[in-house]
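One structure below.
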Amino acid sequence: QVQLAESGGGLVQPGGSLRLSCVASGIFTISVMGWYRQAPGKERDLVASITTVRRTNYGEAVRGRFTISRDNSKNTVYLQMNSLKPEDTAVYFCNVQSPIRTYWGQGTQVTVSS
C-alpha cells in the first residue's frame, strides 16, 4: 500500500549535477522527509532531511553542494545535487517519516565517474 517512488539517479561526470525525486503514496500523515546514502561496505548515512515546515539538515560531506526541498501538496521530496564528486557515488534511499512509522525507498544508484 505504501510506496516511495524514487527517480533521477544515474551516471554523471565529476562536477556535474543530478536531481533526485521521491513521491510518497499511501501515507496519511508525513512529517520528516529525507535522503540517505550507502556505498558498498559502508553504513547508511544521512544526506539531508527536511521537516514539514521546511527546516533542513545536511550531512557535512554534502553541505553547500546539495539542496533538499519538498512539495507537501504532492507528497514529494527532491534532492538537487551539484558539484558532484566521485565520493558521492552510492545508492541513495528516500526516507519518509510519519508520526508512528518510518518508510524507506528501494534506492536509486548515483555514480560519479569520468
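Once both labels are positioned 7 Å from their Cα atoms along Cα-to-Cβ, the gap between A39 and W104 label points is 1.9 nm. Modelled spin-label separation between T56 and V2, with each label point placed 7 Å from Cα along the Cα-to-Cβ direction: 2.6 nm.
Using +1 on the beta carbon of Lys and Arg, -1 on that of Asp and Glu, and nothing else charged, what's the dipole of the chain about the Cα centre, debye to 20? It would help to have the intermediate numbers written out before the result.
Details: 12 positive and 7 negative charges, 49 e Å.
About 240 debye.
The calculated pair-distance distribution of segment 1-64 uses every alpha carbon pair, bins of 5 angstrom beginning at 0, and gives 4, 13, 18, 26, 23, 10, 5, 1 percent.
Tell me, what is the percent relative contact order of the chain, built from C-alpha pairs under 8 Å that lie six or more residues apart? Each step should come with its number before you reach the end.
Details: 277 pairs, mean separation 40.7, N = 114.
That works out to 36 percent.
Here the Debye sum runs over all C-alpha atoms of the chain as equal scatterers in vacuum, and log10 of I(q)/I(0) at q = 0.14, 0.20, 0.22 Å⁻¹ comes out as -0.51, -1.02, -1.22.
Sorting E60, E6 by solvent-accessible area of protein heavy atoms yields E60, E6, largest first, with a 1.4 Å probe.
What distance in nm lies between label points placed 7 Å from Cα along the C-beta direction at Q80 and L46? The modelled label-to-label distance comes out at 2.2 nm.
The values are calculated or read from the model by the stated rules, or taken from the named source; none is laboratory data. Just so you know, these numbers come straight off a predicted model, no measurement behind them. Glycine also receives a Cβ, built like all others from the backbone with ideal geometry; neighbour counts cover every protein chain displayed. Just the protein is used for accessible areas: all its heavy atoms, side chains included, with ligands, DNA and RNA removed. Shrake-Rupley method; radii C 1.70, N 1.55, O 1.52, S 1.80 Å.
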